[in-house]
Each structure stands twice: as C-alpha cells, then as structure tokens.
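In what follows, a single structure is set out as structure tokens and then discussed.
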Amino acid sequence: MTNAPFGLTRRELGLGLLVAPVMLSACAKPAEERIGAATPWRDIEKMARGQTVNWQAWAGDPKINDYIKWASETVKARYGIDLSHVKTSDTTAFIQTLLADKSGGRTSGGRNDLIWLNGENFSAAKELGLLWGPFAERLPNWELVDVKGKPSTITDFTLPTEGYESPWGMAQLAFFHDAAKLASPPRTIPAMLAWAKNNPGRFAYPAPPDFTGVTFLKQALLELSVDRTPFYKPVDKAGFDGQTAPLWAFLNQLHPVAWRGGKSYPPDYPSLRQLLEDQEIDIAFAFNPAEALNAVNAGLLPPTTRAYILDGGTIQNTHFQAIPFNSSAKAGAMVVANFLLSPEAQARKADPRVWGDATVLNLAAITPAQRQLFEALPKGSALPDEKSLARALAEPHPSWMLALGDAWRARYAT
C-alpha cells in the first residue's frame with residue numbers, strides 16, 4: 001500500500017456466523033438481475049449513469065487520496081457517476097459489516113459498492129460469499145491486463161481470483177538508503193544480519209501485525225528456507241515450528257543489534273521512514289518501489305537516496321477492487337473498475353509525482369499513443385531499475401500473514 005493495512009483474520013470475523021457462498025443470481029435483487037452474462041457493456045454504462053458508488057478505500061496517504069479525488073471527478077464528468085471515497089484505515093471493519101449483513105439477510109442496499117482489498121480479506125470475503133461476481137473478465141479493459149507476465153493479477157496470495165476481483169496496481173518490497181552515508185547496502189537477508197552486527201542500532205522494522213512488518217518476516221522466511229513449498233499452502237500447525245525455525249534464529253540474532261536493542265519497534269511504515277529521515281537508522285523499506293522517490297520529491301529524504309531490490313528478489317503482489325454482494329450500484333462499480341484499468345488512469349497512478357503505483361497492464365497490448373503515457377513518466381535514481389524489479393517472489397498463502405504475526409507477538413511483544 002501502498003498495500004494498505006489488510007490484516008483480516010477469521011478470528012476477528014467471528015466465524016461462528018458461517019454463511020454459505022452465494023452466487024450472483026442468488027444475491028441480487030430483480031433490478032440488478034438485468035446485469036446478466038450477455039448484458040452489453042453499453043447497457044451497463046447506461047444503468048451506471050446517475051448512480052452513486054461508495055468506494056471503501058484506504059485513506060492513509062494524501063497522494064492516494066488525491067488520486068481517488070481525480071478519479072471521482074473524471075468518472076463524474078464522463079459517465080455521470082457520483083464516486084464517493086469512503087475513507088478507512090482498516091478493511092477489517094467493513095468485512096465484518098458485510099458478514100453481519102449476510103447473516104441478517106440484507107442482500108441489497110449495502111453501504112458500499114466497491115472495496116479495495118487483497119490477501120486475507122479477499123480469502124475470507126470470497127469464502128463466505130461476501131463478494132458479487134464474477135465480473136472482472138467482463139470489463140472491456142480486462143483484455144489489457146498482463147495476466148501472463150504478471151500472474152498475481154489473477155492470483156491473490158496464491159488464491160485464484162476467478163473474476164471476483166479486478167486488479168488495480170502492483171506492489172513490491174523495496175529497500176532504500178542514503179548512498180552518501182551507506183554506499184554498499186546489504187543485498188541479502190544474511191548479509192543484512194552481518195551488516196547489523198557491524199552497525200548496531202542502525203536497522204529497524206515495523207512491529208507486526210503491521211502489514212510491512214509482517215511482509216519483512218515473510219521475506220526473511222522465504223530467503224532463509226531451503227524448501228519454500230509449505231509457504232504457498234495453508235499453514236500446517238504441526239509443521240509450523242520447524243518450518244519457521246530459520247526465521248526465529250535470524251531474529252534472535254538481529255534484535256540485540258537492532259534499533260533500541262530490539263526492545264522497541266516502530267509501529268508502522270511511516271514511523272520507519274521517519275527514523276531514516278531523522279538519521280536514526282540507515283536502511284528502510286516499503287511495499288512500493290516508488291516510495292523512496294516520492295519521499296525525495298517531497299523533500300523528506302536527500303537526493304542521494306537510492307532504492308534497490310534484494311539479489312534473490314522481493315515479495316510482490318497485486319491489489320484489487322471487488323464488489324460487495326449487496327452493492328446497490330453494481331453497474332456503477334463495474335464502470336469505475338473498468339476506468340481504473342484504462343491506460344490513462346493506470347499511467348497517472350504510475351507517475352511517482354502522483355502516486356508511483358506500478359501498472360497491471362501489458363504495455364504491448366495498448367496503442368503507441370497510450371504507451372507513450374508510460375514512457376514519458378519521470379525516472380529517478382531513487383527508483384529500483386526495471387531489471388531488478390523483475391526479481392519478484394510470489395506472496396505466500398494468506399494464512400501465513402496471521403500465523404507469523406501471532407507467533408512474533410508471542411515471542412517478542414512486551
């Protein structure tokens with residue numbers, strides 16, 4: 001967020017409220033049943049005109065909020081849709097609301113019509129029948145999505161999206177540092193430990209359950225493990241301790257030489273970056289390769305800041321838009337999702353001056369004029385090079401997000 005705080009757990013949902021998945025035809029009222037499998041797109045656009053689409057989206061970054069404001073103004077002018085940003089800091093509460101609606105039989109007139117989500121939230125919502133669809137592959141701009149070159153556009157944390165999510169942007173873990181102070185940063189997890197031992201107090205990571213913090217744990221676990229196969233399946237409690245042993249051994253050595261001796265941790269990514277800004281640490285990381293450049297452009301970090309991807313690759317995923325099962329503006333939500341996949345909207349979002357969120361599109365599938373929108377984007381020395389970004393690691397199964405966070409807190413939280 002850029003991958004926003006997506007950390008829903010089935011424990012938080014209170015899964016005593018078990019609800020059978022509902023298919024599209026079963027969860028829609030008659031007025032919405034007009035969106036059938038053969039409904040022409042022009043008819044969907046007609047239905048969308050005049051609708052209000054309430055878009056549940058993370059509001060933790062002014063750049064993202066400004067982009068959503070631009071998108072709202074654009075779809076209003078072009079499609080007659082009132083797009084309202086329902087600002088949130090946590091998608092969990094909304095998924096809980098959807099579950100309560102489902103349990104109470106509220107199958108129409110939902111509070112929101114479009115949701116920004118991925119990972120565990122998607123896993124839980126789809127399993128419980130809280131999403132409407134499939135719809136993504138019916139969007140006209142779907143044919144521009146790079147499903148072969150970017151397989152995470154159709155697989156969310158190992159789970160097939162099956163048309164219940166429309167991809168929106170790409171995220172990848174990137175590290176950054178001030179090259180004037182640290183010319184050669186560590187480029188593997190073992191090298192990071194060796195560097196930290198030689199530079200005590202100069203490395204930190206956010207405390208789980210922060211998304212970026214848990215992503216660091218997953219990154220370390222993948223790199224330190226000989227066999228990564230278990231991490232792409234649901235957590236096996238019987239094998240968990242043995243499978244994660246290399247991670248805890250690494251952290252047990254790292255913490256004594258980390259910032260504040262491992263007795264305190266920044267609570268989230270902004271706090272981690274602040275430590276770098278204040279020169280309390282020498283390396284930071286974010287789940288957005290353009291984050292360092294954004295900070296340089298904002299005057300928060302020096303022009304000598306450089307970003308890089310670890311030699312063995314870093315975790316990459318896609319974030320998506322989904323439509324709740326009881327949305328009252330499904331046609332409008334589809335039109336908005338399609339607009340967000342347009343080359344115009346994707347190029348604007350990829351601009352580091354605007355956001356810096358990587359595109360999900362196949363640039364070979366768009367016109368030369370549209371491709372020029374991407375080729376004209378500003379480059380900077382604070383961006384990782386394109387070749388290194390290709391070193392991407394797939395996200396583990398969503399169950400590992402919760403399991404690692406819980407295990408970390410049990411061992412290290414004070």
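The values are calculated or read from the model by the stated rules, or taken from the named source; none is laboratory data. As the structure is a computational prediction, the values presented were derived from the model and not from experiment. Don't worry about glycine lacking a Cβ; one is built from the backbone with ideal geometry, like all the others, and counts go over all protein chains shown.
Okay, here's what the table says:
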{"quantity": "Close pairs (6 angstrom Cβ cut-off, 6 or more residues apart or separate chains): in contact (Cβ under 8 Å) with a residue 60 or more places away in the chain in region 82-96, charged (D, E, K, R) and assigned to a loop (DSSP other than H, G, I, E, B) anywhere", "calculated": "none"}
{"quantity": "Number of the exception - Ile64 against (1) of a type outside the set (Ser, Thr, Tyr); (2) in a helix (DSSP H, G or I); (3) modelled with pLDDT under 90", "calculated": "(3)"}
{"quantity": "Residue count, region 229-266 (criterion: exposed (fewer than 14 other Cβ atoms within 10 Å of the Cβ), in a loop (DSSP other than H, G, I, E, B) and hydroxyl-bearing (Ser, Thr, Tyr))", "calculated": "1"}
{"quantity": "Within region 260-290, tally of residues that are within 15 Å of Asn198 (Cα to Cα) and under 27 Å from the mean Cα position of the chain (by Cα)", "calculated": "3"}
{"quantity": "Hits in region 355-374 (condition: more than 17 Å from Gly149 (Cβ to Cβ) and out of contact with any helix residue (DSSP H, G or I) (no Cβ under 7 Å at 6 or more places or on another chain))", "calculated": "Thr367, Pro368, Ala369, Gln372"}
{"quantity": "Identity of the residue in region 44-79, of a type in the set (Val, Ile, Thr) and within 18 Å of Arg111 (Cα to Cα), that ends up surrounded by the fewest Cβ atoms within 10 Å (Cβ to Cβ)", "calculated": "Thr52"}
{"quantity": "For Trp355: the one exception among (1) part of a helix (DSSP H, G or I); (2) touching a residue at least 40 places away in the same chain (Cβ under 8 Å)", "calculated": "(1)"}
{"quantity": "Scan of region 209-228 for residues that are surrounded by 15 or more Cβ atoms within 10 Å (Cβ to Cβ) and more than 14 Å from Pro396 (Cβ to Cβ), ordered by number", "calculated": "Pro209, Asp210, Thr212, Gly213"}
{"quantity": "Sole residue being surrounded by fewer than 24 Cβ atoms within 10 Å (Cβ to Cβ) and within 20 Å of the chain's Cα centre (by Cα), chosen from Ala136, Ala124, Ala100", "calculated": "Ala124"}
{"quantity": "Region 378-396, subset part of a loop (DSSP other than H, G, I, E, B) and among the basic types (Lys, Arg), residue surrounded by the most Cβ atoms within 10 Å (Cβ to Cβ)", "calculated": "Arg391"}
{"quantity": "Answer from Phe211, Phe216, Phe287, Phe240 - the residue that is under 21 Å from Trp400 (Cα atoms), in contact with a Ser or Thr (Cβ under 9 Å, 6 or more places away or on another chain) and in the same structural domain as Thr304 (by TED's automatic domain parsing)", "calculated": "Phe287"}
{"quantity": "Number of positions in region 152-179 that are touching a strand residue (DSSP E or B) at 6+ places or on another chain (Cβ under 6 Å), surrounded by fewer than 24 Cβ atoms within 10 Å (Cβ to Cβ) and over 30 Å from Ser381 (Cβ atoms)", "calculated": "1"}
{"quantity": "Among residues of region 156-207, those that are without any contact (Cβ under 8 Å) to a residue 24 or more places away in the chain and within 30 Å of Lys126 (Cβ to Cβ), counted", "calculated": "1"}
{"quantity": "Test: residue in region 274-296 that is out of contact with any helix residue (DSSP H, G or I) (no Cβ under 8 Å at 6 or more places or on another chain), surrounded by fewer than 24 Cβ atoms within 10 Å (Cβ to Cβ), closer than 25 Å to His85 by Cβ and touching a residue at least 12 places away in the same chain (Cβ under 8 Å)", "calculated": "no"}
{"quantity": "In region 334-344, the residues that are surrounded by fewer than 21 Cβ atoms within 10 Å (Cβ to Cβ) and touching a residue at least 40 places away in the same chain (Cβ under 8 Å)", "calculated": "Phe339, Ser342"}
{"quantity": "All positions within region 209-228 that are charged (D, E, K, R), at pLDDT 95 or above and assigned to a loop (DSSP other than H, G, I, E, B)", "calculated": "Asp227, Arg228"}
{"quantity": "Matching residues, region 332-353, being under 11 Å from Asn141 (Cβ atoms) and of a type in the set (Gly, Ala, Ser)", "calculated": "Ala337, Ser342, Ala345"}
{"quantity": "Qualifying positions in region 35-57 - closer than 19 Å to Pro134 by Cβ, of a type in the set (A, V, I, L, M, F, W, C) and modelled with pLDDT under 95", "calculated": "Ile35, Ala37, Ala38"}
